[in-house]
Structures are given as C-alpha cells and as structure tokens.
Amino acid sequence: MAMTMKLIHVPPRYFPAISGAEFYFMRLSELLNDKHDVEVHTTNALDFRAFHDPKGKVIKIKEGEEIHGVKVFRNLINHEPLEILEEFHIVMKEIDEDGSFTLNDLEYGPFSSDLRQSLQCKEPDLVHVTFYPYFNIYVALHTCMEKSIPCVITPFIHGENPRYKHPSISLLQKFSKILACSPSEKKFLIRRGIEPSKIHEITMGVDLHQIKDYGTSKFYQASRIPREKLIVLFIGYKNYEKGAITILKAIPRVVKRIPQAHFVMIGPPTKQYKILMHQLEGYSKYVTNYTPDNLSGYLDPIKLGALRACKVLAMPSRSEAYGIAYLEAWAAGKPVISSNIPAMRDLFTDGIHGRQVKFDHPKRLADAIIDVLSHEEKARQMGNEGFRKVKQENLTWKNVAKQVEGIYTQLARA
C-alpha cells in the first residue's frame with residue numbers, strides 16, 4: 001500500500017520568483033501534493049540581490065499563502081552582519097567539523113533565522129532542498145540532522161562555473177541522497193569526493209501537452225512582430241553566464257545575412273545586458289525584450305506562443321546543470337542552439353536535435369543561427385527529433401515526480 005508522507009520543499013526562492021530551480025520545485029510540489037502533504041518553506045526574496053542586499057526585490061509575506069493548492073511559508077532574510085554570523089554559527093557548528101565552509105561562501109546567502117525556526121516547528125517525514133551553494137540547503141540539513149530525518153538535495157551543479165569548485169561542496173556528502181540532473185553532474189560530484197551510492201540521476205521535465213499544440217495568435221498580437229519574421233528565441237537570465245550577452249554580440253552578423261531575423265529575449269535583464277542593448281543602436285530594432293514583469297509565470301501565453309512561433313531557441317550558456325528551456329523548445333517542435341559543454345553533450349547530439357557551439361564566441365553562434373534559419377527543412381527535422389526525444393524518453397514533469405517520489409519512499413521507509 002502506498003504511504004502518504006509529510007514533505008517539506010526548501011528552495012531559496014519560490015514563485016513568482018523565476019528560475020529553473022524554482023520551476024522544478026513548483027512542479028514537484030504541485031504534482032506530489034495530490035498524494036502527499038507538501039509544504040514549501042522559503043525566503044521572501046524575489047530576486048537574487050535580496051539574498052545579500054536589503055535593497056533587493058522581495059515578496060510580501062502572506063499568512064496562509066497557497067499557490068496552486070500548495071502551502072507556501074515565506075521567511076524574512078537577515079542582512080545585519082551580526083545576525084548573519086550568529087545564524088552561520090548555529091547552523092554550521094555541527095555540519096562543518098572540518099571547516100570546508102569558508103568566508104567566501106558567505107557571499108551567497110540567504111541567511112534567515114525565521115526559515116530555520118519555521119522548519120524546526122514542523123515534523124515532516126522528509127525534507128528536499130535546492131540548490132548549491134545557497135545557505136538554505138544547510139539550514140534544512142541542520143534541521144534534519146536534529147530531527148534524524150532524511151534530507152534530499154538537488155544541487156543543480158553547473159560544472160564550468162568557478163563558484164561550484166569551492167571546498168564546501170564536500171558537505172553535500174552529508175545529505176541522505178543527491179539528485180543529479182545528468183551524467184556529467186554525477187561525474188563532477190564523484191570527482192570531488194562524493195560517494196557514488198549517494199547520487200541518483202533524475203532528469204528535468206516539461207509539460208508537453210501544454211506546449212505542443214499552443215497557438216501563436218496572442219504572442220503576435222502582444223509583440224506586434226510581423227509573422228514573416230524569422231524568430232530566434234532566448235529564455236533565461238539575460239547575463240553572460242546564460243549566453244544572452246553573446247547573442248546580442250552576434251545580432252549584427254546575423255541580420256546582415258538574414259534581414260528577416262528577429263530576436264525575442266525573455267527573462268530578467270542585467271546591468272551588462274542593458275548597457276549592451278543601448279550600444280546596439282541601429283540593431284536594437286531587431287530585438288524584442290520581455291521580463292517577468294511583462295509575463296504571468298512559467299506558462300505565460302506570450303512565452304508559450306513564442307516557443308511555437310520561433311524558428312530556433314538559442315541559449316548558449318557557459319554552464320548548465322540540465323536546461324529546462326531546451327525541453328520546452330523540443331516540446332514545441334523547435335531546434336535548439338547551446339554551448340558545447342558536458343551537460344549539453346549529455347542531453348543531445350549536435351546536428352540531430354540542434355546545434356552546439358563554443359561558448360562566448362559570437363561569430364560561431366551567429367553562423368549557427370544563420371545556418372538554422374537558412375535551412376528550413378533541416379531545422380524542421382532537428383525540431384522533430386527533439387520532440388521525438390522528449391516523448392520516447394518520457395521527459396515530463398509527471399515522470400520526474402514519479403521518480404523523485406520513489407526516492408522519498410525508499411528513504412522514509414529505511
């Protein structure tokens with residue numbers, strides 16, 4: 001007989017905060033809440049700046065908050081140095097006997113004594129956290145060690161990013177189970193001393209039925225982009241890490257060859273991105289920008305319509321744990337362009353499901369975009385292969401939730 005569990009999910013932020021990690025927990029929480037008692041305990045941060053700066057954007061705390069049937073408990077972040085040091089000492093004194101956690105790790109935050117106290121008041125069967133190197137993972141681990149209950153982590157390791165090479169990564173060994181998104185993430189963890197038996201590989205997912213047949217009319221009405229334009233879509237943080245800066249640098253070369261090209265950039269902007277947009281001058285007319293302020297969430301009609309209207313999704317990141325946006329593009333039957341990094345080589349084959357290029361190389365990126373836009377039949381074949389991959393490998397959130405539930409059940413019964 002299937003057991004009903006009391007589960008707590010602890011992301012550093014939660015919807016309406018937007019990134020892949022938040023979406024991951026949002027879909028897990030919603031799907032598992034049908035069978036189990038799921039609560040989300042998080043901070044009140046809306047943007048990452050709020051983790052360490054009181055001027056960052058925050059979400060108003062509401063008593064009894066529920067999102068799509070899931071109870072959400074938001075907690076204030078501590079910004080005073082003495083409060084941070086006190087919280088650090090309370091949480092880490094039993095976790096980090098070897099001093100792996102350094103002062104450099106303090107910069108990430110978020111520090112929240114309210115979050116720790118919120119968790120201590122609960123009696124769950126299991127806690128699941130994300131993502132390294134943010135401090136909420138240690139708060140949850142500390143609580144689980146005190147209560148002698150399992151603590152699972154999905155760390156979302158981006159192996160090419162220097163911040164994931166800190167000594168504190170060895171502390172992941174203390175979690176009951178580590179859920180890696182890809183073979184390359186698992187290998188990265190093993191190379192850094194994590195016991196292989198601790199690691200279980202589970203991919204990300206997509207809501208296939210909500211994307212594959214979605215119409216484009218709302219997107220074209222809202223964007224006013226002529227339908228004859230060849231749309232190149234980007235979804236993610238508009239920063240160097242995600243490749244948005246490289247895309248802007250590639251635009252002049254692309255539109256000189258293909259004047260009908262148009263770039264739709266969806267995601268939160270950064271200062272560097274805004275500066276470069278201004279420097280594009282005459283080329284800025286080839287770009288339409290959307291931010292979370294313009295959209296209603298992960299499955300916003302404009303975003304879904306853009307996925308269906310585009311010719312290719314380009315997200316040439318420096319590093320990825322997995323890349324949910326690629327699955328969304330394939331669900332819409334579109335090819336993708338990524339950087340040639342280990343996680344992407346795990347995910348798809350260059351020339352079959354899309355293209356892979358060297359990171360931070362505007363010329364090569366531009367040439368890949370030109371190639372896809374110039375060969376309509378080949379692009380259609382790659383998009384179809386991506387769609388086939390999603391279906392054949394069952395890369396859906398329902399399947400992800402089923403696998404994660406299996407891990408929970410195994411640990412709760414142990």
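Which of the residues spanning the stretch 22-56 are small (Gly, Ala, Ser) and surrounded by 21 or more Cβ atoms within 10 Å (Cβ to Cβ)? Quick ask: steps written out before the conclusion?
Step one: list which residues in the stretch 22-56 are small (Gly, Ala, Ser), which gives 29, 45, 50, 56.
Passing the criteria: Ser29, Ala45, Ala50.
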**Asked** Can you tell me how many residues in the stretch 286-300 are polar (S, T, N, Q) and either at pLDDT 85 or above or not in a loop (DSSP other than H, G, I, E, B) (or both)?
**Response** 3
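Suppose we filter Ile18, Ile84, Ile61 for residues that are in the same structural domain as Tyr132 (by TED's automatic domain parsing), more than 24 Å from Leu299 (Cα to Cα) and β-branched (Val, Ile, Thr); which single one remains?
Ile84
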**Residue count, the stretch 119-151 (criterion: in contact with a strand residue (DSSP E or B) (Cβ under 8 Å, 6 or more places away or on another chain) and part of a helix (DSSP H, G or I))** = 9
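Could you go through the stretch 305-323 and let me know if any residue there is outside the structural domain of Phe188 (by TED's automatic domain parsing), assigned to a helix (DSSP H, G or I) and among the hydroxyl-bearing types (Ser, Thr, Tyr).
no
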**Request:** Quick one: in the stretch 105-116, of everything that is part of a helix (DSSP H, G or I) and touching a residue at least 40 places away in the same chain (Cβ under 8 Å), which residue is surrounded by the most Cβ atoms within 10 Å (Cβ to Cβ)?
**Result:** Leu115
**Asked** Does Lys71 count as out of contact with any helix residue (DSSP H, G or I) (no Cβ under 7 Å at 6 or more places or on another chain), in the same structural domain as His41 (by TED's automatic domain parsing), in a loop (DSSP other than H, G, I, E, B) and of a type in the set (D, E, K, R)?
**Response** no
**Message:** Given the criteria within 25 Å of Ala412 (Cα to Cα) and not assigned by TED's automatic domain parsing to the domain that holds Phe348, does Ser168 qualify?
**Reply:** no
**Any hit, the stretch 245-267, residues being modelled with pLDDT under 95 and either in a loop (DSSP other than H, G, I, E, B) or more than 27 Å from the chain's Cα centre (by Cα) (or both)** = yes
**Request:** Mind counting the residues in the stretch 248-289 that are closer than 19 Å to Ser317 by Cα and either surrounded by fewer than 16 Cβ atoms within 10 Å (Cβ to Cβ) or not hydrophobic (A, V, I, L, M, F, W, C) (or both)?
**Result:** 10
**Prompt:** Here is a list of conditions, (1) small (Gly, Ala, Ser); (2) buried (at least 22 other Cβ atoms within 10 Å of the Cβ); (3) in a loop (DSSP other than H, G, I, E, B), and Gly333 meets all of them except one; can you say which number that is?
**Reply:** (2)
**Asked** Taking Arg345, is it over 23 Å from the mean Cα position of the chain (by Cα) and either touching a residue at least 40 places away in the same chain (Cβ under 8 Å) or surrounded by fewer than 22 Cβ atoms within 10 Å (Cβ to Cβ) (or both)?
**Response** no
**Fill in**
Filter the stretch 139-163 for residues that are among the charged types (D, E, K, R) and within 28 Å of Pro342 (Cα to Cα); the one that is surrounded by the fewest Cβ atoms within 10 Å (Cβ to Cβ) is Arg163
**Complete:** Taking the stretch 281-316 and the residues there that are of a type in the set (Gly, Ala, Ser) and in contact with a strand residue (DSSP E or B) (Cβ under 9 Å, 6 or more places away or on another chain), the one that is nearest to Phe219 (Cα to Cα) would be Ala306
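So which residues in the stretch 191-216 are in a helix (DSSP H, G or I), modelled with pLDDT under 95 and farther than 24 Å from Val390 by Cβ, if there are any at all? I'd like the intermediate steps shown before the answer.
The first filter runs over the stretch 191-216 and keeps only residues in a helix (DSSP H, G or I), leaving 191, 196-198, 208-211.
Filter once more, so that each one left must be modelled with pLDDT under 95: 191, 208-211.
Matches in the stretch 191-216: Arg191 only.
The values are calculated or read from the model by the stated rules, or taken from the named source; none is laboratory data. Since the structure is predicted, the reported quantities are computational estimates derived from the model, not experimental observations. Every residue, glycine as well, gets a Cβ built from its backbone with ideal geometry; the counts of neighbours run over all protein chains shown.
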